[in-house]
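Enquirer: Handing you this structure, nothing more for now.
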Amino acid sequence: MNTQFERNGSLTELSSYPQWTQDMVGTCEDAKRSVVEHELWDLMRDRTMESTSTRNFMVGIWPVIERFPGYMSMSLLKTQFGRSAGDNLARRWLVRNIRVEQNHAEHWLNWAEGAGIGRDEVLHGRIPRGADVLARWCEEAAGKDSLAAGIAATNYAVEGATGEWSQILFDSASYRESFEESTRTRSLRWLQLHAAYDDTHPWEALEIVCTLMGGNPSVDDVEHIAECVRRSYVSMRVLADICVEPSKATQAANEAAA
Ligand SMILES: [Fe+2]
């Protein structure tokens with residue numbers, strides 16, 4: 001029988017979490033850095049990105065943006081009130097945060113529009129080959145895997161790395177000023193929300209994962225969570241590769257599937 005996990009310190013300090021969590025975060029760090037330090041963000045920030053790459057970015061990530069509250073709903077369906085402290089925490093958090101996602105799809109379309117990619121193109125344009133890698137993985141993790149694995153893959157890993165790259169773009173005055181002044185606030189709303197909002201959100205997701213796993217999880221269960229987190233980062237990196245250079249698609253998609 002698992003003992004219960006209780007956080008020992010501040011929400012946003014890794015040292016507040018069990019050793020297995022700290023090890024897991026450490027082993028996934030390289031994969032996370034490959035997303036957060038991807039050349040894509042430099043190209044966007046420096047306004048040196050090809051317009052086809054901007055298009056691939058806005059259209060290629062859209063399925064994940066559109067579906068994100070859906071992933072959370074699939075996680076919610078796995079919870080059962082009263083079964084465990086983790087179930088109760090996850091249920092409460094998911095119900096509250098699905099509501100927070102309400103307008104994010106609309107904000108994404110506004111960002112795309114400000115960057116010169118029309119709403120119709122994002123909604124109906126062809127997704128670059130291989131760019132569905134992240135959406136497919138999130139769907140699989142949230143739909144078919146355990147509650148802890150699904151939340152680790154989506155709300156912890158995807159949102160955590162997204163918070164960091166959003167911050168890189170939103171912190172750049174030259175990037176912000178590249179948008180038409182009359183619609184700038186609207187264009188940057190998605191970035192602004194994710195750069196700030198995701199500050200504590202991934203930590204809360206990590207706390208839920210730890211609560212679900214209990215104080216003494218098995219080595220196999222821990223390895224599985226780490227694998228799910230890593231796969232989210234690798235899928236994000238592959239997607240970033242495809243945005244920058246669509247010809248990398250086949251090679252990268254094979255890598256993510258391996
Ligand atoms: Fe969002």
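Computed from the coordinates by the stated procedures, all read-outs in this text should not be read as laboratory data. If you're wondering where the values come from, they're calculated on a predicted model, not measured in any experiment. Quick reminder, even Gly has a Cβ in these numbers, built from the backbone with ideal geometry, and neighbours come from all protein chains shown.
Enquirer: Take the Cα radius of gyration of region 1-103 and divide it by 2.2 N^0.38 Å, with N its residue count; two decimals is plenty.
Expert: Numbers: Rg = 18.6 Å, N = 103, 2.2 N^0.38 = 12.8 Å.
The reported ratio for this selection is 1.45.
Enquirer: Same structure again: Would you mind giving the three semi-axes, in whole Å and largest first, of the ellipsoid equivalent to region 32-257 according to its Cα gyration tensor?
Expert: Working: eigenvalues 182, 75, 46 Å².
Listed largest to smallest, the semi-axes of region 32-257 are 30, 19, 15 Å.
Enquirer: What's the angle, to the nearest 10 degrees (0 to 90), between helix 19-36's Cα axis and the longest principal axis of the chain?
Expert: 10
Enquirer: Continuing with the same structure: Tell me what the chain gives for mean residue ellipticity at 222 nm when only DSSP H runs of n ≥ 4 count, each as -39,500 (n - 2.57), the sum divided by the residue total, rounded to 500 deg cm²/dmol. Don't skip to the end; give the middle numbers.
Expert: Numbers: 14 runs with 182 residues, N = 258.
Calculated mean residue ellipticity at 222 nm is -22500 deg cm²/dmol.
Enquirer: Once Lys and Arg get +1 and Asp and Glu get -1 on their Cβ, which of Leu76, Pro217, Pro128 lies farthest toward the positive end of the dipole of the chain?
Expert: Checked the options; the winner is Leu76.
Enquirer: Which residues among region 214-239 fall inside the zone where the amide N is under 20 Å from a point 7 Å beyond the Cα of Asn8, along Cα→Cβ?
Expert: Answer for this model: 214-219, 222.
Enquirer: Sticking with this one: Order of 222-233, 45-56 by packing, highest average Cβ count within 10 Å first?
Expert: Working: 222-233: 21.2, 45-56: 15.8.
Per-residue mean Cβ counts within 10 Å order the peptides as 222-233, 45-56.
Enquirer: Could you state the angle between the C-alpha long axis of helix 104-114 and the longest principal axis of the C-alpha atoms of the chain, as a value from 0 to 90 degrees rounded to the nearest 10?
Expert: Compared with the principal axis, the helix lies near 20 degrees.
Enquirer: Just to be sure I understand the model, the point goes 7 Å from the Cα along the line to the Cβ. What's the resulting Val100 to Arg47 distance in nm?
Expert: The modelled label-to-label distance comes out at 3.3 nm.
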